[in-house]
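Right, one structure below, let's go through it.
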């Protein structure tokens, strides 16, 4: 998916066409969730702080969902009534400490009104964030729910721990009928000030899409479990690629740096989707992210 700062109405329609389900990091809301009322302000405060206190993610105002799957774009808002500046002011005045790095994109609709797409990064240095009712919230089962005391205490430690992530860049594809071979560049980065001196890296790829692991990764077979769109528990055979990084064999992973982990090759038969994900561990930090890789009109898309 493109960065939210570049979204247009076509990106909203793509979410619907591809039935991209709500998740821990994605939430759809009808436009009437944005109103100039105390109830609406309080809900905005809860939702934004919950995303920041959890894994970060996106909120899209202007999409109707059914059973957590987007169904259509609604009429949106008159930008002279509900403006980007108004939403920004609500967020800045109701959440403490103030959120950092939030992107609010105003998207023009065909009727002349607008929808809003919001990117909220996971909070680190200033975490956790408190909503307008003086409570701390997190994302859980598609909702913003109050956090337990131990969870609040854990988040206070984020600033002193690394925050690792993986990125996958499609370098090129070769098309042969219904078959595609895609070469992905895999990099690891760190969003926190604390460097990672040791890290354990695992990448999971549906066996049906696996081609070749990055150099230096061990390969084993595993069972991959996930929850389907129709709320079923599904198990698939997957390839588990694993590698450890440690000071002495590699440099520490510093903030805003990117380290090349090599190239991952995928063989896609048909459009998919195929299960795809990763798990990262280092002292003070663990993260797991799972999604899919699929082919859409000849282009390889990774949703994770």
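General remarks:
- Shape class for segment 161-303, computed from the alpha carbon gyration tensor (a ≥ b ≥ c): prolate, with a/c not under 1.5 and a/b above b/c.
- Protection proxy ranking of 267-277, 136-146 - average other beta-carbon atoms within 10 Å, highest first: 267-277, 136-146
- Within segment 89-121, backbone nitrogen closer than 19 Å to the virtual label 7 Å beyond the Cα of residue 134 toward Cβ: 93-98
- Interatomic Cα distance distribution for the chain, bins of 10 angstrom, percent: 6, 25, 32, 27, 10, 1
- Size-normalised alpha-carbon gyration radius of segment 4-159, reference 2.2 N^0.38 Å: 1.01
- In the chain, helical runs assigned H by DSSP with n ≥ 4 each contribute -39500 (n - 2.57); averaged across all residues and rounded to the nearest 500, the mean residue ellipticity at 222 nm is -4500 deg cm²/dmol.
- Here the Gaussian network model covers the chain, with springs between Cα atoms less than 10 Å apart; of 204, 48, 168, 168 fluctuates the most.
- Segment 83-209: C-alpha gyration tensor shape, a/c 1.5 cut-off, then a/b vs b/c: oblate
- Separation between Cα centres of segment 16-48 and segment 240-294, rounded to whole Å: 30 Å
Each reported figure results from applying straightforward, stated rules to the coordinates on display, with no laboratory input. Because the structure is a prediction, the values reported are computed rather than measured. Quick reminder, even Gly has a Cβ in these numbers, built from the backbone with ideal geometry, and neighbours come from all protein chains shown.
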